[in-house]
Each structure stands twice: as C-alpha cells, then as structure tokens.
Amino acid sequence: MADHDPLPFPGEQHRPRRQGAKIRQALTARKLPLNRLVPNMLTLLALCSGLTGIRFAFQLRFEPAIIAILVAAALDTVDGRVARLLKSANRFGAELDSLADAVSFGVAPALILFLWSLRDAGDFGWCAALVFAVCCALRLARFNTMLDAPHDESHAWTKAYFVGVPTPAGAGLALLPMILSFEFPEVLNIDFNLHLNLPPRVLACWLLFVGALMVSRLPTFSMKGIRVPVSYLVPLFVAVGLLGAALATNTWFTLGLVGIAYLALLPISWWTYRRHERSASPD
C-alpha cells in the first residue's frame, strides 16, 4: 500500500507543497542582528545568577548567595535600558524578563532565607517563603498587565512611580536581615550549627510584610521618571563614586544602609504621589 498524506480535518485545506517550501525557505533565511539579542542574553545571565544564588545557599555559603542576587538585580536593571537603546524591546523579551525575575527575586530569596533560618520556624517558615514567592509572581503579572493598559497622558507624572515595591527591591528588603547579620554577627547572625539569635518566626513575619509591599497599591519611586537638573550632574556622579567605594570597602554595612534608606523613602513616595494627585485633580 502506497504512502499517502492523512486526510485533513473538517474545514482544513491542503497547502500546496511549493508554497510550504517557500515559507520554510523564508524562515530559514531570516536573520537577526546580534545586538538585538543582547538584552535577552543579559536577562538569561540574570536568571543564571539567581539560580547560582540558590546553589550557594544549598552549600551554606550565604554571602556569595547574596552577591549572586545583587548581580541578578544589576543585570535586570540594565537589560531593559539596553533594549530601549537598541530599539529591540519586544513582547518576547518582556515575558522572558518576568520569568527570570520570578526566579531570581521570588524563588531564590525565599529559598535562601529558608535555608538560612526559616526552616527552624517549621511549617510557618515554609508558608512565609511560599507566600513571598507567590507575591512576587503576582506583582510581575500585574506589571505586565499594566503595560498593555492605555495610559492617560494627562497623568504623565505617574510614570515616576511604580505600583507597589518592584521585585528587585523586594528581594533586597527580604534579604536585609541577612545582610545586616553579616555586619552585626553578634546580634543577628548564625553560627556554623545554624543557631540563630534572630527568632525565625520574626524573620517569617518580615518576609510576609515585604511580600505584602510588593502586591500593594503603594506608590514607590521609579528611576525612569526622575529628572535630574544639569547643575546636579557633577554632585550626582561624585555621590555614585562614593557609593561604589563604600560598597567595595564595606559591602554589607553599605548595603544595609541602602536598604534602610529605601524603607525610609516609602512613606515619602506615598506623600509626594498624593500631593501630585491632589494638584492634578480638577477640584
């Protein structure tokens, strides 16, 4: 019995073989410039860095685990800007970025903290880790949905704010107790037998609080909407240089200060948002 093509489903039409060959040839000949792939490469590197942080945590090497999450946050900050500069932003990159963020800033911090302390809190500690990871995923899903929503140009000032704490900042806040423990071991740190002075249930409550900040409607400052006067550029560059020097010489103390400063900015961002909202209202 000779081979033959299967019968089409009802309503389906056979495509001529010549037309199908032309389509395959066109898809094969299509090429993308390498620079358009750079943002996605950075996103994948951020994902790999977050997963490496989990590996370090399983080895009880918590300081390198924190560094890996920080590297992922730096790459996440860069990839979107590079995509816009190269005019290669697309839906594929946005979805890939969200998936990488969910792992690097949701799953990875939750597992790192669970292995560091939360496992001593039993089921409550594991539930806190799960809730934090879920809140991270929900925050990313809401962010992607808001990208598709039409924007009111009369409220252009809202571009200077995020809705809720962004996931990289949420990961940093979640890991803040661990970062401070590296600088103040007699207060917060654990010894090699994993005995923790900070009660694990307190850390679990902190993790739940940070998760709630991510899914909240709290307006938080966005660097994309901040405009710096030209006269402030030189002092700003000097401040960035000093921050880099502080990170290089006293890493954990500087990161702890940055985390505390970000917490202090949250009520200020809410106050400035309400002030803009009142001034923009027709009343």
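The values are calculated or read from the model by the stated rules, or taken from the named source; none is laboratory data. The structure presented is a predicted model; accordingly, all values stated were derived computationally and were not measured. Backbone-built Cβ (ideal geometry, glycine too); neighbour counts: all protein chains shown.
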Requested in this report: All but one of (1) touching a Phe, Trp or Tyr at 6+ places or on another chain (Cβ under 7 Å); (2) crowded, with 24+ Cβ neighbours inside 10 Å; (3) without any contact (Cβ under 8 Å) to a residue 60 or more places away in the chain hold for residue 43, so report the exception by its number.
Outcome: (1)
Requested in this report: Could you please find all residues in the range 139-173 being at pLDDT 90 or above and either over 19 Å from the mean Cα position of the chain (by Cα) or β-branched (Val, Ile, Thr) (or both)?
Outcome: 165, 167
Requested in this report: State yes or no: is residue 5 within 14 Å of the chain's Cα centre (by Cα) and modelled with pLDDT under 85?
Outcome: no
**Report entry** Residue count, the range 69-100 (criterion: more than 13 Å from the chain's Cα centre (by Cα) and in contact (Cβ under 8 Å) with a residue 40 or more places away in the chain)
**Finding:** 7
Query - Search result, residues across the range 215-251 that are within 17 Å of residue 273 (Cβ to Cβ) and not charged (D, E, K, R) - result: 216, 218, 219, 220, 221, 222, 223, 225, 226
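Out of 65, 110, 57, 73, which single residue is modelled with pLDDT of 90 or more, in contact with a Leu (Cβ under 6 Å, 6 or more places away or on another chain) and not in a loop (DSSP other than H, G, I, E, B)?
On the way: 65 fails: in contact with a Leu (Cβ under 6 Å, 6 or more places away or on another chain); 110 fails: in contact with a Leu (Cβ under 6 Å, 6 or more places away or on another chain); 73 fails: in contact with a Leu (Cβ under 6 Å, 6 or more places away or on another chain).
Of the residues listed, the single one that is modelled with pLDDT of 90 or more, in contact with a Leu (Cβ under 6 Å, 6 or more places away or on another chain) and not in a loop (DSSP other than H, G, I, E, B) is 57.
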Query raised in the report: Taking the condition of a type in the set (Phe, Trp, Tyr) and surrounded by 20 or more Cβ atoms within 10 Å (Cβ to Cβ), does residue 105 pass?
Result: yes
Query raised in the report: So which helices (runs of 4 or more DSSP H) are wholly in the range 174-283 and hold at least 1 residues that are crowded, with 16+ Cβ neighbours inside 10 Å and at pLDDT 80 or above?
Result: 176-183, 200-215, 251-280
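Within the range 129-138, can one find any residue that is at negative phi, β-branched (Val, Ile, Thr) and either buried (at least 22 other Cβ atoms within 10 Å of the Cβ) or modelled with pLDDT under 90 (or both)?
Start the filter on the range 129-138 by keeping residues that are at negative phi, which leaves 129-138.
If we keep only those that are β-branched (Val, Ile, Thr) as well, we get 131, 134.
Applying the additional criterion that residues be either buried (at least 22 other Cβ atoms within 10 Å of the Cβ) or modelled with pLDDT under 90 (or both) yields none.
No: zero hits.
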Report task. Give the residues of the range 48-92 that are of a type in the set (Asp, Glu) and within 20 Å of residue 129 (Cα to Cα), sorted by residue number. Result -> 63
Query raised in the report: Within the range 146-153, is even one residue touching a strand residue (DSSP E or B) at 6+ places or on another chain (Cβ under 8 Å), touching a residue at least 60 places away in the same chain (Cβ under 8 Å) and more than 25 Å from residue 244 (Cα to Cα)?
Result: no
